[in-house]
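Heads up: the structure comes next, in structure tokens.
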Amino acid sequence: MVIRPFRNRVQNFLEALLLSGTLGRLGVAAFVIAVVSFLMGLLGYLAALGSEQAFSNPFEGVWWAFLRLSDPGYLGDDDGYLLRMVSTVVTVAGYVLFMGVLVAILTQGLNEKIRRLEMGLTPISANKHVILLGWNNRTPWMVGKFLISEGRVGRFLRRVGARRLKLVLLVEEVSPRHSLELKNFIGPDWKSNRVVLRSGTPLRLDHLMRVDYLRSSAILLPALDRSSEDAVSRSDDATVKAVLSIDHSLRLSEEKLPPPLLVAELYDARKITTVLQCYQGPIEVVASDEVISRMVAQMTRHPYISDIYRELLSMGAGNELYIRDVKPGQIGKSFWGFAQKAASALVIGVTRESERRITPLLNPPADYCFSREDKIVYIADHWGDLDTLNDAAIKPWPEPGESLEKLKRDDEKLLVLGWSRRMPDLLEEYESYLNQRFDITIASRMPVETRQQQIDAHGSTLQRTKVVHKLIDYTIPENLAALNPESFDTVVCLSSEGSSSDEDADARTLVAHTILQAQLAQSSRKPRVILELLDELNVGLISGSGCEYLLTPHVLGFMLVEVSLRRELNAVFQELFNSGDTEITFRDFERYGLAVGDSIAFHQVQRLSRDYNEIALGIFKTAKANQTTSGKHINPDRNKMWTLENNDKFIVLRR
């Protein structure tokens, strides 16, 4: 009864040592080696008594045994059978202890250290770095944009005083798949020395300390991946909590460091005010559901406007939006006088910061002059294009006259396939269009009661927009045919909320698109088709079909990166992609007093647009056979002549 507790205590003690780490295991191994050396040394001493190899004392025998254990190469030097037997046992034990146990312990310790490093648990020491908190389907997009946009990132680094980009990702549990996914997605532009992965959650302050967030220049808080309505609420709540933690720790910090820029993504736009109140430093909030809903609504109203969105929201692929500080020599000068001289850029407005809030002023009044606080907003192929000025004596643009009256648009019938949490935002957007009514049919597997509950919970009040719900699986050809898609003006395929993953959501969208193409092929009336996609690889599957698409992760990832590099762009995006007073639209050239067959240069279009208080952004040419100039042409050459044809339009920014 007494032996068993003692044995258990010894066993527990050894277990604690073995589990304590490499040093504990080495200690146990050293103890075993010492015991074996002592016992085998005594046996060797006794076995060698009376022989020529007799040891002068027992301790010399112990030393002999230790040498045999550590270097089992002296086996042939021993005399006498008894000593050789002891020596053989010691030699075999040496192979086991030194070449087996010690090597295994050291190897295991090294592997554990490497695994710990791979897990990203060690804190970093950095300064002026950029932090991405969390991992979702937009993370590879954002990392890729940071790595390839050398010009924008370089200007950002100069503003914050950093020498080179260091991107730190805080992921819930780092694994090799994260690095592999980034490398495969980004391709040749992948730079492993610029990206650091660490494990943790933004909800814990000690995990935030792991990425040295107090010394960062910008922190991005993307939302969690879409799933259930509950996950959406948890994502927004987690964002609020993370912002509170960062703000609180900055207040308590003894170093009094300048607060980094926070760029937070929310699903629910109603929580923007709450987030803004939680942080005393510079902060920008992107309401993703609202942004995507506005874009989808604009796509249904303006055919091919998605092409414009893709060009303005893609780095290195055509024209982009840029922000630049007003130069000292421009202060007090006329905005429109400068805009007219810009030979390679489209100057569309300014932004101004007041009381931590950035206000955009696009298409400003005719008498507007630059002030010291202004930042110029322009569209160009390259950032430096604004420096190309036409200083020749040119006729000034006319004073703007009356804006063109908004024409009442025909009522539009929409068929929406799939249910998304963005649907209440989308319905509100349609309701806000006062010059057009919408008759919307929503077909989904989502129960009608659940849909209506989500609409009511959002606080949507629909008076001008008619909504009809259909409980149906639209991926079955017979069910889709029963909806008579050819009777609608536009068919919108949303990423289905009931799908378990992005791949499944895109699969349903592509199945619906394929069935639609087959059923509409024999119809004389073909509605426009708009798809929401989540995976860029699926874009090639719809090429040539004539449908329009919106790649949601690309749009949101781009906006988050752009806003983190130049925060003023968030206000510009909100102004451009909504249905408010200022928006991008298509203008029939007949409303400018032109006719089919007229030839006109873009600089003349710019003058005409000022007559109607608009800014010309480009020309949209109708696609024709054997014509290489079809499609959108944003910021074209000022002197190139264009011959107007039926259905050609001007792309303008109206106010």
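Assorted remarks:
- Restriction of the trypsin sites (Lys or Arg not before Pro) in region 137-185 to DSSP coil positions whose beta-carbon has at most 14 other beta-carbons within 10 angstrom yields Arg163, Arg164.
- Per-pair calculated FRET efficiency, R0 = 56 Å: Glu373 and Leu471 via Cβ, rounded to 0.05: 0.55
- Cβ-Cβ FRET estimate between Leu257 and Lys327, R0 fixed at 22 Å, reported to 0.05: 0.10
- Against the chain, whose longest principal axis comes from its Cα atoms, helix 150-160 is set at around 80 degrees.
- Each residue, Ala457 and Thr273, gets one label point 7 Å from its Cα in the Cβ direction; the gap between the two is 2.1 nm.
- When only Cα pairs below 8 angstrom with a gap of at least 6 residues are kept, the chain shows a relative contact order of 10 percent.
- In the chain, taking the dipole from charged Cβ atoms about the Cα centre, the farthest positive-side position among Gly200, Met446, Ser70 is held by Ser70.
- Ordering His554, Pro527, Val130 by the projection of their Cα atoms onto the charge dipole of the chain, which places +1 on the Cβ of Lys and Arg and -1 on the Cβ of Asp and Glu, puts Val130 at the extreme positive end.
- Model label points for Leu42 and Arg409, set 7 angstrom from Cα along the Cα-to-Cβ axis, are 9.8 nm apart.
- Modelled spin labels at Ile114 and Arg638, positioned 7 Å past Cα toward Cβ, are 6.2 nm from each other.
- Entry for Rg/Rh (Cα atoms, Kirkwood Rh) (calculated from the structure that is shown) out of [x] 1.18; [y] 0.93; [z] 0.97: [x]
- Surface exposure of region 179-243, expressed per residue as accessible area with a 1.4 Å probe, stands at 45 Å².
- On region 175-296, 54 percent of the accessible area sits on carbon and sulfur atoms, based on a 1.4 Å probe.
- Extension gain from Leu106 to Asn57, taking 0.36 nm per residue of separation minus the Cα-Cα distance: 14.2 nm
- Relative to the longest principal axis of the Cα atoms of the chain, the long axis of helix 502-520 lies at roughly 40 degrees.
- In plain terms, the chain from Glu503 to Tyr304 could stretch by 69.1 nm, reckoned as 0.36 nm per residue minus the Cα-Cα distance.
- Estimated from helices alone, the mean residue ellipticity of the chain at 222 nm is -12500 deg cm²/dmol (sum of -39500 (n - 2.57) over DSSP H runs with n ≥ 4, per residue).
- At q = 0.13, 0.14 Å⁻¹, base-10 log of I(q)/I(0) for region 218-336 (Debye sum, equal scatterers on each alpha carbon): -0.76, -0.84
- Residues Lys341, Lys375 ordered from highest to lowest accessible area at a 1.4 Å probe: Lys341, Lys375.
- Region 245-290: trypsin sites (Lys or Arg not before Pro) in DSSP loop, at most 15 other beta carbons within 10 Å: Lys256
- Charge dipole (region 456-527, unit charges on Cβ, about Cα centre) - positive-most of Thr465, Ser501, Leu480: Thr465
- Karplus-derived HN-Hα couplings along region 271-279 (A = 6.51, B = -1.76, C = 1.60, θ = phi - 60°), whole Hz, x at Gly and Pro: 9, 4, 4, 4, 5, 4, 6, 8, 9
- Potential extension, Val89-Thr122 segment - 0.36 nm per residue separation minus Cα distance: 7.4 nm
- Nearest 10 degrees, 0 to 90: helix 58-70 Cα axis against the chain principal axis: 40 degrees
The values are calculated or read from the model by the stated rules, or taken from the named source; none is laboratory data. Given the structure is predicted, the values throughout are model-derived calculations rather than measurements. As a convention, Cβ positions derive from the backbone with ideal geometry for all residues, glycine included, and neighbour counts pool all protein chains shown. Side chains included, ligands, DNA and RNA excluded: accessible areas come from the protein's heavy atoms. Shrake-Rupley method; radii C 1.70, N 1.55, O 1.52, S 1.80 Å.
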